[in-house]
Amino acid sequence: MFRRKLAALDYHNPAGFNCKDETEFRNFIVWLEDQKIRHYKIEDRGNLRNIHSPEWPKHFERYLQDVASPFTVLERQEAVDWLLSLAVRFEYGDNADKYKNCQPHAAVDNTQTQSDPLIHLDINNPDFKAGVLALANLLQIQRHDDYLVMLKAIRILVQERLTQEAIAKAGRSKEGLPVALEKHLLGFDTGDATLNEAAAILRLLHIEELRDLQTRINEAIVAVQAIIADPKTDHRLGKVGR
């Protein structure tokens, strides 16, 4: 999720970063503040650097407030992504001459630009942001600091679940094949033939539900990969400078 931004910031392990590992996460926040964001004066970073302190979460919460993050410590992934975006903007501002003549990624050619209508959207428009956020809340899609990423997630969900074809397919009744219950071992005996048969039916229904759940998980993984694997260069850097 964070690999591209971490790589842009020259983080030592962009592919293996795990924000759920508490020690790694705290060290990462210290690195981000020391090397990239530099919101505090050096002498004021002591509390943040004391990663073994039980008070560290409180100091991190204060840090998020000081840098005007819209996310809290309870929204760790969103907060990390927002801080990375902030760091990328600062990195660009500090090295504007270095990056201003950079060519877009080779994968972003004219054909791709013409075929992707999202590329022409004004993502900084307040109405656009409000509309995307409203749709995300309506469809119960997790918030993301990048509104274009949220819009892509919405598009994938609509294509997969809300088209007329998808709705019609979901509404069709499923006709299964006859099952010989006597051929399915229950594994225990309730002492009552009727109860044994009911238990066998429940077990088969449960297995079917698990298969359906696995299918949905696979679809979700594919949808997420379709978003995070997009190789296009981020052209939405904020204002230059601090």
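Do you know which residues across the stretch 1-37 are open to solvent by less than 70 Å² (accessible area, probe 1.4 Å), without any contact (Cβ under 8 Å) to a residue 24 or more places away in the chain and in a loop (DSSP other than H, G, I, E, B)?
Tyr11, Asn13, Pro14, Gly16, Phe17, Asn18, Asp21
Please specify each residue of the stretch 49-71 satisfying the condition of being in a loop (DSSP other than H, G, I, E, B), open to solvent by 50 Å² or more (accessible area, probe 1.4 Å) and either out of contact with any Phe, Trp or Tyr (no Cβ under 9 Å at 6 or more places or on another chain) or among the small types (Gly, Ala, Ser) (or both).
His52, Pro54, Glu55, Ala68
Would you point out which residue out of Leu186, Leu237 is surrounded by 10 or more Cβ atoms within 10 Å (Cβ to Cβ), modelled with pLDDT under 75 and over 30 Å from Phe2 (Cβ atoms)?
Of Leu186, Leu237, the one residue that is surrounded by 10 or more Cβ atoms within 10 Å (Cβ to Cβ), modelled with pLDDT under 75 and over 30 Å from Phe2 (Cβ atoms) is Leu186.
Exactly one of these conditions fails for Ala199: (1) under 26 Å from the mean Cα position of the chain (by Cα); (2) modelled with pLDDT of 75 or more; (3) more than 30 Å from Gly93 (Cβ to Cβ); (4) open to solvent by less than 90 Å² (accessible area, probe 1.4 Å). Give me its number.
So the condition that Ala199 fails would be (1).
I'd like the full set of residues that are modelled with pLDDT of 75 or more, among the acidic types (Asp, Glu) and outside any helix (DSSP H, G or I), limited to the stretch 113-166.
Passing the criteria: Asp145, Asp146.
Would you be able to tell me the number of residues in the stretch 6-48 that are more than 25 Å from Gly93 (Cα to Cα) and basic (Lys, Arg)?
Going through the stretch 6-48 one residue at a time, the tally reaches 2.
Using beta carbons and a limit of 7 Å, which pairs, at least six apart or on different chains, have the first residue in the stretch 52-69 and in contact (Cβ under 8 Å) with a residue 12 or more places away in the chain and within 15 Å of Thr23 (Cα to Cα) and the second one of a type in the set (A, V, I, L, M, F, W, C) and not in a helix (DSSP H, G or I)?
Pro57/Val73; Phe60/Val73
Output yes when any residue across the stretch 96-112 is modelled with pLDDT under 75, assigned to a loop (DSSP other than H, G, I, E, B) and among the β-branched types (Val, Ile, Thr), and no when none is.
Within the stretch 96-112 (the criterion being modelled with pLDDT under 75, assigned to a loop (DSSP other than H, G, I, E, B) and among the β-branched types (Val, Ile, Thr)), the answer is yes, since at least one residue qualifies.
Mind checking which residues of the stretch 191-223 are in contact (Cβ under 8 Å) with a residue 24 or more places away in the chain and under 24 Å from Glu160 (Cα atoms)?
Selection gives Glu219, Ala223.
The values are calculated or read from the model by the stated rules, or taken from the named source; none is laboratory data. As the structure is a computational prediction, the values presented were derived from the model and not from experiment. Every residue, glycine among them, receives a Cβ derived from its backbone with ideal geometry; neighbour counts consider all protein chains shown. Just the protein is used for accessible areas: all its heavy atoms, side chains included, with ligands, DNA and RNA removed. Shrake-Rupley method; radii C 1.70, N 1.55, O 1.52, S 1.80 Å.
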